1. What are the aspartates and glutamates whose alpha-carbon lies under 14 Å from the alpha-carbon of Lys11, with same-chain residues fewer than 8 places away excluded?
2. Could you please report the charge total around Glu25, scoring K, R as +1 and D, E as -1 over all other residues with beta-carbon less than 13 angstrom from its beta-carbon?
3. Let me spell out the model: positive unit charges on the Cβ of Lys and Arg, negative unit charges on the Cβ of Asp and Glu, origin at the Cα centre of region 98-170. What dipole size does that give, in debye rounded to 20?
4. Defining a contact as two alpha carbons under 8 Å apart and six or more residues distant in sequence, what relative contact order in percent does the chain show?
5. What's the whole-number percent of alpha carbon pairs in region 9-74 lying beyond 16 angstrom?
6. Under 17 Å from the 7 Å Cα→Cβ point of Ile56, by amide nitrogen: which residues of region 116-138?
7. Set the Förster radius R0 to 45 Å, insert the Cβ-Cβ distance between Asp103 and Lys3 as r into 1/(1 + (r/R0)^6), and round the FRET efficiency to 0.05.
8. Name the most mobile residue of Arg50, Arg18, Arg139, meaning the one with the largest mean-square fluctuation, in a Gaussian network model of the chain with Cα contacts below 10 Å.
Amino acid sequence: MAKRMDDLISKYIDEKQRPLEADLEQWGIPIWALIGYWKAAKNDVDVVARDYKIPIEAVHAALHYYEKHKDIIDAKLMVNSIAPGLNEVSSNLPNVPKSKYIDEKRPPLEAYLEQWGIPIWPLIGYWKGVNNDVELVVRDYKIPVEAVHAALQYYQKHKDIIDAKLLVNAG
C-alpha cells in the first residue's frame, strides 16, 4: 500500500520541492491550496476533481502527499485562516479583457480561467487568504498576472455570490 501511494505521488508531484512549494506538476496547482479547497469542500474528492478539472487520482496523490507533510501544510492553512485578506478589490486594476480568460456565459460559481481550468471562486478565496497578494497568486498558481486581474474584475462584478460561496465553504 505504501509503495502504491509513493508511486501515485511520484506520478503527479515533484517531491524534490519543499512541501509548501510542491504542486500538481501538470496543472501547477499548489498542493497546500488544493488541500485547503478539499477541506472547504468537506473532504469531497469528487468536488475537488470536478472543480479543478483534474483526475481523481491526482487528488488522491495530493492527499497522500498531504499525509506525509500534514504539519507544515496545516500550519500554512492555519496562518491563512488567521490573517485573511481584505474583501475589497483595488479599483486600480488594469482593464483586462475578461472574455480572453473567462467564459462569462457561465453562472458565477461555475466560471473558471479557461486555459488553466481554475475555478474563479476558490482562486478568489486563495487571493484573500494570501492578503490580496496578486504576485503570490501568480507564482503559486503559475498563471499570468493578467489572468489574475481578469479573475479579480470578474469577482468585482459577482462579489456577493462569490463571497457567499466562500462563507458557506468556510463554515
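Please treat every number below as a calculation from the coordinates, not as lab data. Just so it is clear, the model here is predicted, and its values are computed rather than measured. Cβ placement follows ideal geometry from the backbone for every residue including glycine, while neighbour counts extend to all protein chains displayed.
1. Hits, sequence-local ones excluded: Asp23, Glu25, Glu57.
2. For residues surrounding Glu25, the net value is -1.
3. Values: 10 positive and 10 negative charges, 19 e Å.
The dipole magnitude comes to about 80 debye.
4. On the way: 198 pairs, mean separation 36.9, N = 171.
Once divided by the residue count of the chain, the mean separation gives 22 percent.
5. Percentage above 16 Å: 34.
6. Hits in region 116-138 for Ile56 at 17 Å: none.
7. Working: r = 42 Å, r/R0 = 0.93.
Calculated value: 0.60.
8. Per the Cα network of the chain with a 10 Å cutoff, Arg18 tops the list.
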